[in-house]
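Heads up, the thing below is written out as structure tokens.
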Amino acid sequence: MLDLEKIRAETPGIVLGTAGAYLHNAGAALMPQAALDAQKNHLDLEARIGGYAAATREAQRLDAVYASVARLINAAPDEIALVENATVAWQMAFYGLALTFKPGDRILTAQAEYAANYVALLQIAKRSGAVIEVVPNDATGQIDVAALERMIDSRVKLIAITWVPTNGGLANPAAAVGGVARAHNIPYLLDGCQAVGQMVVDVVQLGCDMFSATGRKFLRGPRGSGFLYVRRALLRNLEPPMIDHFAAPWVARDAYELRADARRFESWENNYAARAGLGAAVDYALSLGLPQIEARCRSLSARLRQGLGLVPGITVRDLGASPTAIVSFTHERFPAREIVTGALAAGITIGASDPDSTRLDAEARALPVLVRASPHYYNSEDEIDRLIGYIAGLKA
Ligand SMILES: Cc1ncc(COP(=O)(O)O)c(C=O)c1O
């Protein structure tokens, strides 16, 4: 059981009373005190003794961030690269793989793919002649794994899907997709940006080769932090699309040598305060327990989904057999952004999600801008009910 009182007492936005009912964790969650302190302490040290000396003095602590992230997802520290966000993590893996794509190669993706990933697929398709094919959904709205299996042939060079899409509550059956990828030995890039921090993540069980994630969402870390996992067996064959002398030391006048570990996807300069904050956020989540976090996220979002579903005029837009802590909905009379602004004025923070962030899904379902409410384990039942009450009270 999570100690909600303690957790809330360790969350400055809640203690100060400045964040109100904060239900925007798929945007950027409230940091725990520990993540804030880790960053502030590092910045203070940089100010006192200089950035290079601070990194040297804190080297052990900063290096431990790799081990923390690895523990979070059941990987090894040398399979982790720390980067500035999930998009860079994903791009490093994707554009690295894409160096080998030829005309006619096939990239399989899913209906709810995120805009940042999809435009990169489009660019590479244009450049390389590879084709993008979208695996259809099953009746519940998640990727149809049987259809994926039927689409496999020797020209499939990548399966790239999003586990928890930016809206729509969905959790794609990422491990079942991994089963198909493993069975056919096809590289599998999983966007886990919105899964980490709210769900148990085990890259071995997921069967993915590459996994990208961000710090600021459900992990409760700082903005501008993220990570990439690359399975060790793939690492040696995956060239970063661009390198510097950290990723690949300049070993002779005409030669460089790529690092053997996943840090080949990093560059030399980094925001060490953000790294320290990410490490603290990951350690905090681990100390609470991801199974406990996941159970509470599911129970709070089920409460919200159920409550909103009973409000006249509300359509909950979520998909999938096992929805996550992202609740998307529309009101028959009020546009999403108006609801978000009104809720903020009433002390409730939620977000909106545009159709062009998941264009394939939005077009298939004719979705307008959605309201996106994303609770986290630190929310109280009362905060969930406040949002339901606010929505129920909206009058034209
Ligand atoms: C599914 C998904 N993938 C990737 C990203 C990109 O993450 P970042 O902004 O950290 O690059 C987002 C951001 O909203 C997302 O929703």
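The values are calculated or read from the model by the stated rules, or taken from the named source; none is laboratory data. Given the structure is predicted, the values throughout are model-derived calculations rather than measurements. A quick note on method: Cβ atoms are made from the backbone with ideal geometry, for glycine too, and the neighbour counts reach across all protein chains shown.
Details
- The helices (runs of 4 or more DSSP H) falling completely within region 79-184 that include 1 or more residues that are in contact (Cβ under 8 Å) with a residue 60 or more places away in the chain, crowded, with 18+ Cβ neighbours inside 10 Å and touching a Ser or Thr at 6+ places or on another chain (Cβ under 9 Å) map to 86-98, 115-128.
- Check on Leu189, in contact with a helix residue (DSSP H, G or I) (Cβ under 6 Å, 6 or more places away or on another chain) and closer than 20 Å to Val156 by Cβ: yes
- Answer from Ala281, Ala247, Ala260 - the residue that is surrounded by 15 or more Cβ atoms within 10 Å (Cβ to Cβ) and touching a residue at least 40 places away in the same chain (Cβ under 8 Å): Ala281
- For Leu238, the conditions (1) hydrophobic (A, V, I, L, M, F, W, C); (2) surrounded by 24 or more Cβ atoms within 10 Å (Cβ to Cβ); (3) in a loop (DSSP other than H, G, I, E, B) all hold with the exception of (2).
- Residues in region 195-217 that are in contact with a Phe, Trp or Tyr (Cβ under 9 Å, 6 or more places away or on another chain) and more than 16 Å from the ligand (Cβ to nearest atom): Val203, Gly207, Asp209.
- Selection status of Ala373, within 30 Å of Ala285 (Cβ to Cβ), within 23 Å of the chain's Cα centre (by Cα) and within 16 Å of the ligand (Cβ to nearest atom): yes
- The single condition among (1) without any contact (Cβ under 8 Å) to a residue 40 or more places away in the chain; (2) assigned by TED's automatic domain parsing to the domain that holds Thr349; (3) buried (at least 18 other Cβ atoms within 10 Å of the Cβ) that Leu45 does not satisfy is (2).
- A single member of Ala70, Ala34 is of a type outside the set (Phe, Trp, Tyr), within 30 Å of Lys157 (Cβ to Cβ) and part of a helix (DSSP H, G or I), and it is Ala70.
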